[in-house]
Amino acid sequence: MEKLGANPANSCPLTPLGFIERAATVYGDCPSVVYGDTVFTWSQTHRRCLRLASALASLGVSRRDVVSVLLPNVPAMYEAHFGVPMSGAVLNSINTRLDARTVSVLLRHSGSRLILVDPALVPVLGEALRLLPPGHPAPRVVLVEDPQEKDFSPAPAAALTYEKLLEMGDPEFRWVRPASEWDPMILNYTSGTTSAPKGVVHCHRGIFVVTMDSLVSWSVPEQPTYLWTLPMFHANGWSFPWGMAVVGGTNVCLRRVDAAEVYDTIARRGVTHLCGAPVVLNMLANAPEGVRRPLPGKVHILTAGAPPPAAVLGRTEAIGFDVSHGYGLTETAGLVLLCAWKGEWNKLPASERARLKARQGVRTPGMAEVDIVDGETGRSVPRDGATMGEIVLRGGCVTMGYFKDEDATRAAIRDDGWFYTGDVGVMHPDGYLEIRDRSKDVIISGGENISSVEVESLLYGHPAVNEAAVVARPDEFWGETPCAFVSLKEGAGGAVTAAEVIAWSRERMPGYMVPKTVVFRAELPKTSTGKIQKYVLRNLAKEMGPTRRGVSSKM
Ligand SMILES: Nc1ncnc2c1ncn2[C@@H]1O[C@H](COP(=O)(O)OP(=O)(O)OP(=O)(O)O)[C@@H](O)[C@H]1O
């Protein structure tokens with residue numbers, strides 16, 4: 001068999017872009033994208049994507065050029081996921097909540113040629129363009145008008161709008177197929193939770209792999225009604241823009257995400273699936289009675305992006321949602337671990353089910369290998385659910401590396417063949433993995449490693465706690481002690497004191513893990529992707545000065 005192997009018939013480059021052609025054939029008359037009163041079918045979406053690709057090509061955009069989008073979850077954002085790379089270009093989705101300075105840094109770093117922008121984000125983009133260094137070529141700006149939003153004034157007649165751009169395009173365009181499956185397709189900047197944003201590059205092959213893998217892992221059936229609560233700019237909505245084309249789903253777009261809008265849309269559109277960071281689950285679970293609406297049927301939620309506390313999982317399932325929990329990074333283009341559910345666990349009490357589900361789980365079928373290794377020896381940690389090590393990954397959707405940053409690429413993708421995630425976890429005896437922290441968030445108190453995630457998870461069990469984040473506060477004797485920042489549920493303010501939270505914690509966790517400081521805040525600071533900004537809280541804790549032996553601070 002030595003002479004058999006790759007041949008022209010079996011080695012065509014893997015790419016997710018062909019999914020839309022197939023969707024137009026199979027689901028042509030079915031709804032593809034719904035936004036307010038606007039409803040597109042799959043054949044219309046297919047033709048609009050081809051028009052976009054063709055129009056970009058006619059403007060001189062070619063292979064490997066970067067095209068950026070600064071858009072909320074509107075139809076153009078969905079179309080860009082196919083249309084931009086179908087022109088051969090690399091799609092760069094920019095986080096819509098960034099400030100002008102950061103947007104400017106990203107446009108400069110990426111060398112973006114063209115940008116699609118939402119009317120609400122024109123001022124930020126305008127400022128970002130002004131901040132580009134003299135002589136740096138500015139990207140061409142295309143305004144995506146939004147007929148659903150009456151607040152936006154119409155674009156000046158001379159402006160190039162998205163619909164005008166599509167009119168220029170040819171719906172029969174022969175799209176630019178990748179020459180190799182390793183051709184770059186996506187440039188995403190990390191959200192900057194722990195460091196300055198880095199430009200993560202993914203190729204067609206990686207996106208193909210993660211898309212198929214995510215559909216299988218989450219058991220997505222044909223023609224789901226998928227609500228876009230997860231921003232598509234967040235790691236390309238964990239690959240579901242391409243995935244929905246595979247299964248002919250209806251993409252229900254939402255410009256804004258709040259509990260009332262989500263409950264209302266679920267009921268009105270018969271939503272079956274949605275994704276969101278744990279903060280979205282918390283929002284749905286803590287929504288007041290008047291806002292919450294009965295679910296029209298089974299609604300599946302996939303959560304990832306930050307650790308979901310067991311209490312939040314429990315509350316969300318009690319409302320009737322079917323929650324799955326996954327883990328991934330911008331560097332993996334989507335989810336690579338999922339807490340694969342075992343039927344036998346259904347017999348367990350709700351609190352135990354939630355505790356098991358809070359674990360990040362096992363590798364998805366498309367991921368080759370996942371391990372937790374000791375930082376010193378590089379060896380796998382024992383499967384004891386206690387010994388912490390760094391989570392490492394290898395598989396087809398791991399990034400090709402960081403754009404124009406060889407040092408960062410070498411630090412993350414090492415000669416031993418692993419991608420180092422910077423996340424700290426433990427391996428349970430049943431082979432399920434659980435994240436304990438990001439390496440930077442571990443609290444070291446008197447030589448003991450304290451997982452801030454574990455303490456937070458317990459605090460979420462307090463009936464008055466809405467959100468909790470635990471960081472290290474310097475301590476004269478112990479080195480560091482846990483400091484909890486807490487926001488309370490509506491109506492709970494005033495009734496709960498720091499001393500009470502500390503006493504409550506003492507009954508539920510070992511002494512060294514009990515927060516020595518509890519600070520109440522109306523809201524905790526979050527990144528644009530809904531993660532609590534621990535470094536901001538860590539700085540606040542530092543500014544409070546060191547705690548002294550035996551002294552607990554109550555604020
Ligand atoms: N299910 C999960 N449980 C716990 N943490 C998670 C989960 N899913 C993702 N994460 C966290 O999110 C990180 C990936 O987030 P993302 O790629 O959006 O950027 P970021 O890490 O927030 O930004 P930066 O790398 O700039 O700090 C993971 O490394 C992990 O720390």
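Identify all residues within the stretch 381-406 that are of a type in the set (Asp, Glu) and within 15 Å of the ligand (Cβ to nearest atom); write none if there are none.
Residues satisfying the conditions are 390, 405.
On the given criteria, is residue 219 surrounded by fewer than 15 Cβ atoms within 10 Å (Cβ to Cβ), within 30 Å of residue 337 (Cα to Cα) and among the hydroxyl-bearing types (Ser, Thr, Tyr)?
Judged against the criteria, residue 219 is a match.
Please specify each residue of the stretch 19-33 satisfying the condition of being touching a residue at least 60 places away in the same chain (Cβ under 8 Å) and in a helix (DSSP H, G or I).
19, 20, 22, 23, 26
Can you go through 312, 279, 246, 291 and tell me which one is part of a loop (DSSP other than H, G, I, E, B) and either within 16 Å of the ligand (Cβ to nearest atom) or not charged (D, E, K, R) (or both)?
The conditions single out 291.
For residue 525, which of the numbered conditions (1) within 16 Å of the ligand (Cβ to nearest atom); (2) touching a residue at least 40 places away in the same chain (Cβ under 8 Å); (3) not charged (D, E, K, R) fails to hold?
(2)
Within the stretch 16-33, how many residues are crowded, with 22+ Cβ neighbours inside 10 Å and β-branched (Val, Ile, Thr)?
2
Mind listing just one residue for me: the one in the stretch 284-306 that is touching a residue at least 40 places away in the same chain (Cβ under 8 Å) and more than 19 Å from residue 218 (Cβ to Cβ) and, of those, farthest from the chain's Cα centre (by Cα)?
Filtering first and then ranking leaves 288.
Just wondering, is there one or more residues in the stretch 519-528 that are more than 28 Å from residue 327 (Cα to Cα) and among the acidic types (Asp, Glu)?
no
Out of the strands (runs of 3 or more DSSP E) lying entirely within the stretch 34-126, which hold 2 or more residues that are surrounded by fewer than 22 Cβ atoms within 10 Å (Cβ to Cβ) and touching a residue at least 12 places away in the same chain (Cβ under 8 Å)?
Counting at least 2 such residues, we get 38-41.
Which is free of Cβ contacts under 8 Å to residues at least 40 places away in the same chain and small (Gly, Ala, Ser), of 277, 267?
267
For residue 57, all conditions in the list (1) under 19 Å from the mean Cα position of the chain (by Cα); (2) farther than 22 Å from residue 134 by Cβ; (3) hydrophobic (A, V, I, L, M, F, W, C) hold save one; what is the number of the exception?
(1)
Looking for whichever is at pLDDT below 95, surrounded by fewer than 18 Cβ atoms within 10 Å (Cβ to Cβ) and of a type in the set (Gly, Ala, Ser) here; the options are 290, 270. Which one fits?
290
Among the residues of the stretch 321-351, which ones are assigned to a strand (DSSP E or B) and near the ligand (Cβ under 10 Å from one of its atoms)?
Within the stretch 321-351, 325, 326, 327, 328, 329, 335, 336, 337, 338 qualify.
Across the stretch 383-393, what is the number of residues that are surrounded by fewer than 17 Cβ atoms within 10 Å (Cβ to Cβ) and either in contact (Cβ under 8 Å) with a residue 60 or more places away in the chain or farther than 21 Å from residue 355 by Cα (or both)?
Final tally of qualifying residues: 0.
Please work out if residue 424 is within 11 Å of the ligand (Cβ to nearest atom), in a helix (DSSP H, G or I) and crowded, with 20+ Cβ neighbours inside 10 Å.
Against the criterion (within 11 Å of the ligand (Cβ to nearest atom), in a helix (DSSP H, G or I) and crowded, with 20+ Cβ neighbours inside 10 Å), residue 424 does not qualify.
Just to verify a result, which residue in the stretch 438-459, among those that are among the charged types (D, E, K, R) and either surrounded by 22 or more Cβ atoms within 10 Å (Cβ to Cβ) or in contact with a Lys or Arg (Cβ under 9 Å, 6 or more places away or on another chain) (or both), is modelled with the highest pLDDT?
Taking the candidates together, the pick is 456.
Is there a residue in the stretch 164-184 that is part of a loop (DSSP other than H, G, I, E, B), within 16 Å of the ligand (Cβ to nearest atom) and surrounded by fewer than 21 Cβ atoms within 10 Å (Cβ to Cβ)?
no
What is the one condition in (1) closer than 20 Å to residue 336 by Cβ; (2) in contact with a helix residue (DSSP H, G or I) (Cβ under 9 Å, 6 or more places away or on another chain) that residue 257 does not satisfy?
The number of the failed condition is (1).
Could you please find all residues in the stretch 391-427 being within 17 Å of residue 438 (Cα to Cα), at pLDDT 95 or above and over 20 Å from the mean Cα position of the chain (by Cα)?
426, 427
Looking only at residues in the stretch 294-309 that are within 16 Å of the ligand (Cβ to nearest atom) and part of a loop (DSSP other than H, G, I, E, B), which one is farthest from residue 214 (Cα to Cα)?
It comes out as 309.
Of these, 499, 541, 522, which one is out of contact with any helix residue (DSSP H, G or I) (no Cβ under 9 Å at 6 or more places or on another chain) and assigned to a loop (DSSP other than H, G, I, E, B)?
Step by step, each of 499, 541, 522 is checked, and only 522 is out of contact with any helix residue (DSSP H, G or I) (no Cβ under 9 Å at 6 or more places or on another chain) and assigned to a loop (DSSP other than H, G, I, E, B).
The values are calculated or read from the model by the stated rules, or taken from the named source; none is laboratory data. This one's a predicted model, so the numbers in the text were calculated from it and none came from an experiment. So basically every Cβ, Gly included, is an ideal-geometry build from the backbone, and we count neighbours across all protein chains shown.
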